[in-house]
Amino acid sequence: MTLKDRHGAFISLTDTPGELAVKDNICVQGFMCTASSKLLENYEPPYTATAVQKLQKQGLTVMGKTSCDEFACGSTGTHTSLANPRNPLDEKRVPGGSSSGSAIAVKDGLVRYAIGSDTGGSVRCPATFCQIVGYRPSYGQISRYGLMDMCMSFDTIGTLTRNVDDAIYLITGMSGKDDKDLTTMNSVDVKETPGLAGKRLVAFRQILESCDPGIREKFNEATEKAKLHVDVIDFPEIHKSIPTYYMIVFAEFASAMQRFDGKFFGKNRELLGQEVKRRILLGTFISQKENKDKWYTQAINARKWFQQKFEAMFAKYDFVINPTMPSPAPLVGEITDPITEYSMDLGTIFPSLMMGPSISLPYQGMGIQLTGKRFSDSALLYSARDLEGAL
Amino acid sequence: MKVGFELHVTPLTESKMYCDCPTKNAQPNLQVCPICTGQPGSKPMAPNETALRAGIKLAKALNCTLNESVSVMRKHYFYPDLPNNYQLTSEPFGENGSFNNVGITEIHFEEDPGQYDPKSGLVDLNRSGSPLLEVVTEPDIDSIEKARDFLEEFSALLGFLGISQKIKADTNVSINGGARVEVKNIGSISGALNAIQYEVNRQAKEGAVLETRHYDKDTMTTKPARLKETVADYRYMREPNLPRPRASLQAKNGSTTYSTT
Ligand SMILES: [Zn+2]
């Protein structure tokens, strides 16, 4: 560890200078890959993730692997015993998670570029709390080969950067079809597009109402400042997006964690943190034969419902806009129950359900999030660049 | 007696089911990669086309009804030779067939686990991820002669279709309406016949309980399985790393394609 890493950004670091930090649930040969878990402290992957390989080919050097919530489970960024991630803007506060270290490394200027994983907000949440740009691509835009499974149908590799241009640079480099991730698609190249002019924006009243008054005020101020016309519509069912998302996360996570039994991978499972254990147990329960229909299948059907709803919405609108997080970064230790932590994700979960790209821009201590339909990444990135200029 | 089979056919392929590793013999743990050793972060590649073609051909020859589209499922269980602790196994792509007057329940494709040696405790993952076609029959066989006929005809069919010479015949045996005993670890047709005969005699003498037993070719007997091999619930789940809405196996005009839409 170097002295510069004051806020617990890194789990492993090289001596050679580099410009790229990689979340420690993404495999890079030559580095341990711990997923910020004691269980995997000694896991040395024999391969490098496709997305990282592509950036290396572009000339970027990986400087280190960053801390995160253990196995990417959390929204505070502090659920790990391998590092002590803190918010660079206020050390009493959490950096946001799960890609906490990647956000800290960029905010503190230790690297120019960082990548993380975003399953339900894990790059956009720390980007907001650390006041940088966080980008979640469309599902299928960037190969996940080498990203440890968390919830396979929502996992994406996203970026944490100081500005939208840097995000465009990384996303352009990582995009494209990969035979080793069959969910990736052809012809998803990022191209320069016209941007924000003429784009139709919508916001959901129920998400705005769930935010702190101060956040809502800043949000209105930002849309006025950028001269955005936003239709505010009712979407009461959006509250159901949280249980829908978490049911699927638990079930898939329990399956993904099945291999860490100490036989080939991992050590004694007693080493796992409480949140990880909770998710494995809940996921095992809801995917059992006698419970599956009541929980998992219902959640899958609800996801389908959301996807159809959003498809209809995106026929009328280009982007959904909302505050990324409902409140400022919580104090370390302030959040003690999982339900409160899960409910912080109301603004970031719906893009995962409908597989679209989503970007969070920093604005006066909060985050402005724009979300588009699946594979509208180019339009979203260049529109976000315009919005960044207007804020 | 009532006898049915679970026939595991290893189709002749150059490479494994979900990765590019070769299937030919080698020193232990040399024909491996991140995918077939279950490294965290690895995902399955598209199912081996040759294996899928062989499966469709076999399903047709067994007079099965073909399903146009099947999902690949994760079947969860813990066993020393299974790095992920789940096995990828497809839904049946052929059902309700018949061959040699024996009902064919279904045929699906799956991946072989590695090889675990209980004596040394060592695991060889060269075989891990190799393609398998599993044919499940109804318990329609009521004599050793019929069992022999069926297995010989089935094996001749595989030769004729050019699919494989390598089959393993797990068998289930019950007598007088008693409990069904599964016998695994059978490597040859004569082994299967010996195992059936031994089980018929043993069950007549000892009675039968629902269990899995292993065949020992040296003593030509069966023994209760050392490790628990059946679990109450495999928590089947569609493999999300294979494309949505489903990994489909399409059989149109005799050609097989792996479709991602
Ligand atoms: Zn392999």
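No lab work stands behind these numbers, since they all come straight from the coordinates. These numbers were taken from a predicted model, which means no experiment stands behind them. Ideal geometry is used to build each Cβ from the backbone, glycine not excepted, and the neighbour counts take in all protein chains shown.
Pop the C-beta distance of residue A:386 and residue B:190 into the FRET formula with R0 = 45 Å and round what comes out to the nearest 0.05. Plugging the Cβ-Cβ distance into 1/(1 + (r/R0)^6) gives 0.05. The modelled label-to-label distance between residue B:120 and residue B:81, using points 7 Å beyond Cα along the C-beta direction, is 1.4 nm. Here, the protein assembly as shown is characterised by an Rg to Rh ratio of 1.03, where Rg is the alpha-carbon radius of gyration and Rh the Kirkwood radius. Can you give the helix-only mean residue ellipticity at 222 nm for chain A, where every DSSP H stretch with n ≥ 4 adds -39500 (n - 2.57) and the sum goes over all residues, rounded to the nearest 500 deg cm²/dmol? Helix contribution divided over all residues of chain A: -10000 deg cm²/dmol.
Under conditions of 4 °C and 1.567 mPa s, the stretch A:1-92 yields 96 µm² s⁻¹ as its translational diffusion coefficient, taking Rh as the Kirkwood radius over Cα pairs in the Stokes-Einstein equation. Globularity index of the stretch A:187-269 is 1.77 (Cα radius of gyration / 2.2 N^0.38 Å, N = number of residues). The alpha carbon convex hull volume per residue for chain A rounds to 127 Å³.
Here residue B:145 and residue A:189 are evaluated by their C-beta separation; at R0 = 56 Å the FRET efficiency comes out at 0.30. Sorting A:155-167, B:159-171 by their mean Cβ neighbour count within 10 Å, with the most densely packed peptide first, gives A:155-167, B:159-171. Ranking B:71, B:25, B:47 by how far each Cα lies toward the positive end of the dipole of the stretch B:17-74 (charges on Cβ) leaves B:25 at the top. Label positions at residue A:294 and residue B:157, each projected 7 Å from the Cα along the C-beta direction, are separated by 4.3 nm.
Once the Cα atoms of helix B:144-161 and of chain B are each reduced to a long axis, what angle between those two axes, in degrees from 0 to 90 to the nearest 10, is obtained? That helix lies at roughly 20 degrees to the long axis. Using alpha carbons only, how many degrees (0 to 90, rounded to 10) separate the axis of helix B:49-61 from the longest principal axis of chain B? Its long axis makes an angle of about 40 degrees. One Cα centroid belongs to the stretch A:345-391, the other to the stretch B:68-119; the line between them spans 43 Å. Derived value for the stretch B:61-136: Kirkwood hydrodynamic radius 13.8 Å. Basis is the mean of 1/r over every pair of different alpha-carbon atoms. Pairs from the list B:168/B:217; A:240/A:309; A:218/A:373; B:57/B:166; B:16/B:60 with a Cα-Cα gap above 18 Å: A:218/A:373; B:16/B:60. Against the empirical curve 2.2 N^0.38 Å, the C-alpha radius of gyration of the stretch B:30-83 lands at a ratio of 1.49. Per residue of peptide A:256-265, the mean number of Cβ atoms on other chains within 10 Å of the residue Cβ is 6. For chain B, the equivalent ellipsoid derived from the Cα gyration tensor has semi-axes of 29, 23, 17 Å, listed largest first. When peptides B:120-132, A:259-271 are ranked by their average number of other Cβ atoms within 10 Å per residue, the highest-first order is B:120-132, A:259-271. Taking every C-alpha pair closer than 8 Å and separated by at least 6 residues, the mean separation divided by the residue count of chain A gives a relative contact order of 19 percent.
Taking the convex hull of the alpha carbon atoms in the stretch B:105-151, what volume per residue do you get, in Å³?
117
When the charge dipole of the protein assembly as shown is built from unit charges on Cβ atoms (+1 for Lys and Arg, -1 for Asp and Glu) and taken about the Cα centre, the candidate among A:233, A:286, B:195 whose Cα reaches farthest toward its positive end is A:233.
The angle separating the long axis of helix B:189-206 from the principal Cα axis of greatest extent in chain B is about 50 degrees. Legend: calculated FRET efficiency, residue A:56 to residue B:179, from the Cβ-Cβ distance at R0 = 56 Å, rounded to 0.05, equals 0.40. For the stretch B:2-242, averaging the sequence separation of C-alpha pairs within contact (under 8 Å, six or more residues apart) and dividing by the residue count gives a relative contact order of 23 percent. In order along the stretch A:9-16, the Karplus-derived 3J(HN,Hα) couplings, from 6.51 cos²θ - 1.76 cosθ + 1.60 at θ = phi - 60°, round to 6, 10, 9, 9, 9, 8, 7, 6 Hz, and Gly and Pro are given as x. Evaluated over the Cα positions of the stretch A:329-391, the convex hull gives a direction-averaged projected area, one quarter of its surface, of 5.1 nm².
Placing a pseudo-label 7 Å from each Cα along the Cα-to-Cβ vector at residue B:234 and residue A:209 gives an inter-label distance of 4.7 nm.
This model, with +1 at the C-beta of Lys and Arg and -1 at the C-beta of Asp and Glu, gives the stretch B:2-242 a dipole about its Cα centre of some 440 debye. Projected over every direction and averaged, the convex hull enclosing the alpha-carbon atoms of the stretch A:26-146 yields 7.0 nm².
Within 10 Å of each Cβ in peptide A:174-182, how many partner chain Cβ atoms are there on average? Round it to a whole number, please.
Counting Cβ atoms of other protein chains within 10 Å of each residue's Cβ and averaging gives 4.
Of all DSSP-defined beta bridges confined to the protein assembly as shown, some 80% are antiparallel rather than parallel. Pairwise Cα separations in the stretch A:260-381 fall into 5 Å bins from 0 onward with the following percentages, short to long: 2, 9, 13, 15, 15, 15, 15, 11, 4, 1, 0. Reducing the stretch A:62-139 and the stretch A:1-56 to their Cα centroids gives an inter-centroid distance of 13 Å. Shielding of peptide B:39-52 by partners, expressed as the average count of other chain Cβ atoms within 10 Å per residue Cβ, is 6.
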